[in-house]
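Shown next, in C-alpha cells, is the structure this report addresses.
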Amino acid sequence: MPSIGSISAILDRSHHHQEQAGMNAAAFPLIDPLDAFYLLNPSGDLSSSQAAFEKWFRDQNIEGKAGIAPTVEELAGALKSHDLFIYIGLGSGAQYIPRHEIQKLENCAATLLMGCSSGSLSLNGQYTPQGTHLSYLSAGTPVRVANLWEVTDKDIDRFGKAMLDAWLRERSSPSVACAQCRLVPELKSMSITRGKGDAKKKIPRKKVSKACSSMKATGRRRPKDSFRPPPPPPPSVDHHRQLSRDSDASFAGSRPSSLGISRSSAGDALTDRSYQLSAIRTINSFLASHSSPLSLKPPLPSAKDISETLKFLISQLDFPTTKLEDDLPILLKHLNCPIKLNKSALKAPGTPHAWPSLLGVMHWLVQIALYNDHLVSNLQCFDNTFVYALDSYLHYIRGDDDGMEAVDREFMGKLERERDAVAEGVKALEKEVAEREGRLEELRLGPSAKEVVEKERGVLEEDVKKFHAIIAEFSGRIASVEKILEEKEKELGVKVEENNRICEENEELKKRVELQTFNARDAERMKRELQAVERDITEAEVARNGWEEKSWDLDTTIGHKFKELEALSIECNQALRRLKLGNGLQYVLNAKGSSPAEVLGIDYKSTLKPALDSFADDINKSSMSKLEELISLQQQSVENAAKIEAKRNRLAALQSSSDEVEAQLIFLKKESQNYTSRCATEAKKLVEDVEIETHNVDIVEREVADVLETSKLKLQEAIKQNEEEIQMCAWELYALVDSVSKYKEHMASKISEMKCNLSETAGAVSDSYKGSLLAQFGITLDTNH
C-alpha cells in the first residue's frame, strides 16, 4: 500500500517528465531488498518460522535479529537507515516499537509486516480507525504490505518466502518487467478466513502480479523521506476524472472496505441520535475555527443554514460552485463519497427525511478538509529541503557541477545561519535556566511561603492581643471618666445654681441702683474709676499670661534637660559598671531635688572623684608595663614576618599545583554535568513517552467505557422491545386460539344443523319417492284391471 507522500512524488515526477521529455510513465521509489533489516520471532513462540527464515536471511547477508526482542532505539535506527524492514512474528510488532515513536521518524523504510491481522484497523466508536500501519504511512514509508485478517503461520511463511524469492529473481534481471513474475505453486493451497464462514478463497494471479509490480527493485537505494515533496495543489474536477481513484482521507469509497463495515450499518449510524449530535459538534467547531458566522442548531437546522454550510465546505476544498444542486453530486461522485445523496434532498434540505444523509455528507466533507489542513501543515516544513534536493538533482541530471555547487553553498549558508540562530537561542535559554536555577535555590534556601504566613500570623495574633489589652484598658478608663463626668455634672449643677443666685443679686442691685439718685460729677468720677480698674485688670491679665508662658517654656526646657540627664546618667552608670570601681556607685535622678547632688543622687567631688583618680593611677602603671611588652612583641613580629615570607613562597608553589588540580576537577565536573544533563534529557523523554502512552490508554479506556455503556443501554432496549413483542405475540396467540375455538363451536353447530336438514331432506325425498311409486303402481294396477 503506497503512502500519500510517495504517490504525490510519483505524480509530480510524472508531470515533470511529461513536460521535459514527453514521457507518460513513472516508477515507484526504488527499494533494494538486500538493504533490509529483519525482526524474526522476537517473542520466541514461532520456532518453525524462525527455522525456515533465519538461514535464508543469513545466506543473503541481511542484518537483523532472531529469537530476541530488540530495543526501541534499535528498531527506530533500522527503520531510518535501511530500505526495507521485514517483521515475521505475532501481530504487527507494536509491542516492540510504539506508534508515536514511528510517527517521530523523519524517514521510514518500506515495511513487510508478516503477522496475523497486522494490517487491521481498530474501531474506537465514532472516532477515526487506528492501526500500526497508519503510523508507518504517516512516517513516510513508500510501501507497506500487511495482512488484514487472521492467517496461520504456515500460510504466512509460504507467502513471505515465495514473495521474497520472486522479488530477488526479478532483481537479478532488471530489464524484465515485474508483471511477468509468478509466485511458487505452494500459494495455491493458501486460504484466508473471512468473517464467520469457512469458505476458501484463492488469491487471483493477476492481483499477485500487480502487487509484485509495485515492489520492483534494483541496486540503487531509494531517496530518503527527508526530501519529501510539498503538498500538491487542490485537485480539480478534470484532475479527478483523469486519476479516477478513491480519496485517501475517507477510509471508504468504491473499493471494498477492509474493516467489514457494511452499507446498512453506515445507514443506521446516520439516524443515530448520538452520532448526529457528535457530527453537529464537529461541524460547528470546524466552522468556528475558520471564523465562519454559520452554526448548525440541533435537532433540525434551517434549510438556509444547511445550504450555506455546504457551500462553505465546498469552498474550503477549492471546488468552484455555481449551483449547489448540480455541483455537489459531481464532487461527491469524484471523491467517491460512501453516502448516497439525491437531488430532492438538496432541493428541500430542511426536511426530516433528508437531514441524516445531508448531515453525513457534511461530516464527511469536514473530515476531508481537516485532513487536507493537517497534510499541508505537516509538509510545509519540508519545502526548503525539497526545493534544495530538486534543484541539486536537476543540476546533477544536466551535468551542471557549478550550479550544483552554488546551490550547495547557498543551502549550507542558510543552514549555518539557522544553526547560529539556534545556538544563540540555546545560549539565551541556558542563561534563563541559570537564572531560574538561582531563583529556585533562593526559594529553596529561604523560608517557605507557609513559614512566612505563619510568622505573619503570629505577629497579627500578637497585635490582636495588644489591641484587646488596649481595649480593656480603654474600657477601664471609660468607667473612671464616667465617674469624673458625673462629678463634673454635679459641680456644673452647683455652678448653675450659684449663677442663678448671682443673677438674682445683680437684678436686685440694678433695681437698688435705679432707685438711688446720682449727680453728674459722681457719675463721671465713678466711670473714671471703673476705667482705671478695668485697665489694671487687663494689665494684670497680660502680665499673668506672660508669666504663664514663661513657666510653660521653663517646664518644657526642664523636661528636655531632665531627659538628657537621664540618657547621660544611663551612659555614666554603664561606664561605671565597665570600670568596676567596686563601690556600687550609680546615678539615680530625682526630679524633685533642689540641689545638683539631690538631683543626681550622689556627690561627685566627695565620692566619685577619688575613685576616678585612683583608677587613673592604675591605668598609668599598666600602660608602662604594656609599653615594655609592646617593644618585645615588635621584635618578635619582625622574626615572624621573615617566617611568613618563607611560608608565602611555599604557598605560591602549592597554589600553582592546586590550580592545576582544580582545572582538572573543573573539566571532570563539566563532563559529569554533561553526562547528567544527557541522562536527565533521556529520562525526561522517557517520562514524556510514558505520559503519552498513559494518556492514550486513558483515552481508550474512556472510549471503551462509553461503548460499554451504550451497548448496555441498547441491550436493555432490545430486551424490553423483545419482551413487548413476545407479549403482543402471546395476546395474538390467545386471540387466535379463542377465535379457533369459537370457529370450531360454530362449525359443529353448522354441521349438526346441516345433518338435521339432511335427514329431513332425506325423509322428504323418501316420502316423495314412495308417493311417486305408489302413484305409479296405482296407475298400472288400474290399467291391468
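Summary table
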item: Where only alpha carbons of the range 400-445 are counted, the Rg and the Dmax (Å); result: 19.6, 66
item: Derived scalar couplings ³J(HN,Hα) [the range 340-355; Karplus, 6.51 cos²θ - 1.76 cosθ + 1.60; whole Hz; x for Gly, Pro]; result: 7, 9, 8, 5, 5, 5, 6, 6, 10, x, x, 7, x, 6, 8, 5
item: Lys, Arg +1 and Asp, Glu -1 on Cβ, resulting dipole of the range 400-445 about Cα centre, debye, nearest 20; result: 520
item: Above-threshold pairs, the threshold being 29 Å between Cα atoms, out of 297/347; 80/685; 414/684; result: 414/684
item: Shape of the range 24-137, Cα gyration tensor, a/c cut at 1.5; result: oblate
item: Burial ordering of 411, 562, fewest other beta-carbon atoms within 10 Å first; result: 562, 411
item: Under 13 Å from the Cα of residue 714 - aspartates and glutamates, other chains or at least 8 residues apart; result: 272, 706
item: Extreme residue, positive dipole direction of the range 322-379, given options 353, 338, 372 (C-beta unit charges); result: 353
item: Distance cut-off 25 Å, percentage of C-alpha pairs in the range 300-445 lying past it; result: 60
item: Positive dipole terminus of the range 28-108, leading residue within 33, 43, 107 (C-beta point charges); result: 43
item: Peptides 348-361, 532-545, 284-297 ordered by average Cβ neighbours within 10 Å, highest first; result: 348-361, 284-297, 532-545
item: In sequence order, calculated HN-Hα J values of the range 411-428 (Karplus, 6.51, -1.76, 1.60; Hz; x Gly/Pro); result: 5, 5, x, 4, 4, 5, 5, 5, 5, 4, 5, 5, 4, 4, x, 5, 4, 4
item: Exposure proxy order (Cβ contacts within 10 Å, fewest to most) of 53, 474; result: 474, 53
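Rule-based calculations on the coordinates, nothing more; no lab input. Just so you know, these numbers come straight off a predicted model, no measurement behind them. Neighbour counts run over all protein chains shown; Cβ positions are idealised from the backbone, glycine included.
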